[in-house]
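This report concerns only the one structure given below.
The values are calculated or read from the model by the stated rules, or taken from the named source; none is laboratory data. Fair warning: this is a prediction, and the values are worked out from it, not measured in the lab. Quick reminder, even Gly has a Cβ in these numbers, built from the backbone with ideal geometry, and neighbours come from all protein chains shown.
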Amino acid sequence: MYTAAVCAGLFAARSAKKSMANCECASAITAEMSDWVKLGGGNSGCCGNSLHTYGFHCPATAVPVTDYSRSHEAPPPYRMNWACAGDFAHSFKPALMAKHATLLGRLMKGELPMICEMITKPWPDKPVYYWARWNGDKTLQRYTGAGHDSWSHISWWRSKANQRAYLWTPAPAPNPAVGSVAPKYPGYVMQRNDDKVDANVRVWQSQARARGPRLDDDGIFGPITQGVAKAFQKVNGLNADGKIEASTWSGIWNLKLRIF
């Protein structure tokens with residue numbers, strides 16, 4: 001007969017396994033990894049395997065709130081089923097290692113606030129290093145674990161895992177300012193899609209947010225974006241279906257129209 005403690009442990013293990021099975025890679029990491037692979041880098045993973053029992057490779061559903069990947073920030077995770085770390089392989093290629101060295105330097109200067117952790121070996125003649133936002137931006141420690149010599153582990157804050165960092169490519173040009181002429185309508189209706197990152201949705205979100213609503217400009221047409229679009233349509237006598245078609249697209253730049 002199992003003791004209560006053993007039973008609890010078995011239940012926790014089964015629950016964690018189920019949570020890992022439902023794991024999805026955070027949208028920002030998916031986009032960054034795509035950029036990295038195009039540059040010749042490798043994708044060494046995002047969602048962890050059975051060996052990952054804690055940390056950012058696990059979704060929030062698979063770890064307790066006391067796990068280090070959750071205990072260092074107060075806001076709730078953006079998505080509970082997202083893994084929030086990516087392993088970006090450089091495979092000891094000098095040009096790719098140099099990009100990781102540049103990234104580490106930016107982090108140590110306090111840039112890219114959505115990134116909170118990096119385990120990396122960006123120099124061939126130096127050891128693997130550990131950097132974490134909670135230790136102080138300028139603090140770099142020798143990594144005492146295994147691996148991470150041919151790839152860099154990069155973690156996003158769970159609450160900011162929808163935010164692109166543009167680690168490897170230039171960020172897009174700033175969106176048009178409030179009150180300026182609306183950019184050309186993209187030619188298709190944008191609507192609810194929690195799994196797609198759309199650059200045009202991001203443009204509309206940025207303009208809407210600049211006018212007041214609390215809205216992430218992450219390019220994901222989620223429930224908040226849908227709600228803002230529907231409220232904007234309703235108050236201005238448009239078809240309140242929560243979709244962004246031509247009139248809703250251009251209308252958000254028209255200061256004569258109310259935002260709510």
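In a residue-by-residue description of the stretch 48-70, the property of being aliphatic (A, V, I, L, M), modelled with pLDDT under 95 and closer than 21 Å to ASN135 by Cα applies to no position.
Of the set (1) surrounded by 18 or more Cβ atoms within 10 Å (Cβ to Cβ); (2) charged (D, E, K, R); (3) out of contact with any strand residue (DSSP E or B) (no Cβ under 9 Å at 6 or more places or on another chain), all apply to LYS93 but (1). Filtered by the rule that a residue be of a type in the set (Asp, Glu) and assigned to a loop (DSSP other than H, G, I, E, B), the stretch 46-93 gives ASP67, GLU73.
Condition check ((1) free of Cβ contacts under 8 Å to residues at least 40 places away in the same chain; (2) touching a Lys or Arg at 6+ places or on another chain (Cβ under 8 Å)) across all residues:
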residue: ILE220; (1), (2): no, yes
residue: GLY237; (1), (2): yes, no
residue: GLY242; (1), (2): no, yes
residue: ALA246; (1), (2): no, no
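Just one of (1) crowded, with 21+ Cβ neighbours inside 10 Å; (2) in a loop (DSSP other than H, G, I, E, B); (3) assigned by TED's automatic domain parsing to the domain that holds SER69 fails for ILE154. It is (2). Residues of the stretch 62-79 that are β-branched (Val, Ile, Thr) and surrounded by 18 or more Cβ atoms within 10 Å (Cβ to Cβ): VAL63 alone.
Per-residue answers, yes or no, for (1) farther than 24 Å from THR30 by Cα; (2) modelled with pLDDT of 90 or more; (3) assigned to a loop (DSSP other than H, G, I, E, B):
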| position | (1), (2), (3) |
| --- | --- |
| PRO174 | no, no, yes |
| VAL178 | yes, no, yes |
| PRO183 | yes, yes, yes |
| ASP216 | no, no, yes |
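Does PRO59 fit the bill of being buried (at least 22 other Cβ atoms within 10 Å of the Cβ) and not aromatic (Phe, Trp, Tyr)? Yes, satisfied.
Considering only residues in the stretch 133-151 that are without any contact (Cβ under 8 Å) to a residue 40 or more places away in the chain and not in a loop (DSSP other than H, G, I, E, B), the one that is farthest from ASP87 (Cα to Cα) turns out to be ASN135. Among the residues of the stretch 230-244, those identified as part of a loop (DSSP other than H, G, I, E, B) and either under 27 Å from the mean Cα position of the chain (by Cα) or loosely packed, with under 14 Cβ neighbours inside 10 Å (or both) are GLY237, ASN239, GLY242, LYS243. For the stretch 102-118, the set of residues classified as over 10 Å from SER152 (Cβ atoms) and in a helix (DSSP H, G or I) consists of THR102, GLY105, ARG106, LEU107, MET108, listed by residue number. Of the residues making up the stretch 185-214, those that are in a loop (DSSP other than H, G, I, E, B), surrounded by fewer than 16 Cβ atoms within 10 Å (Cβ to Cβ) and at pLDDT 90 or above number 6.
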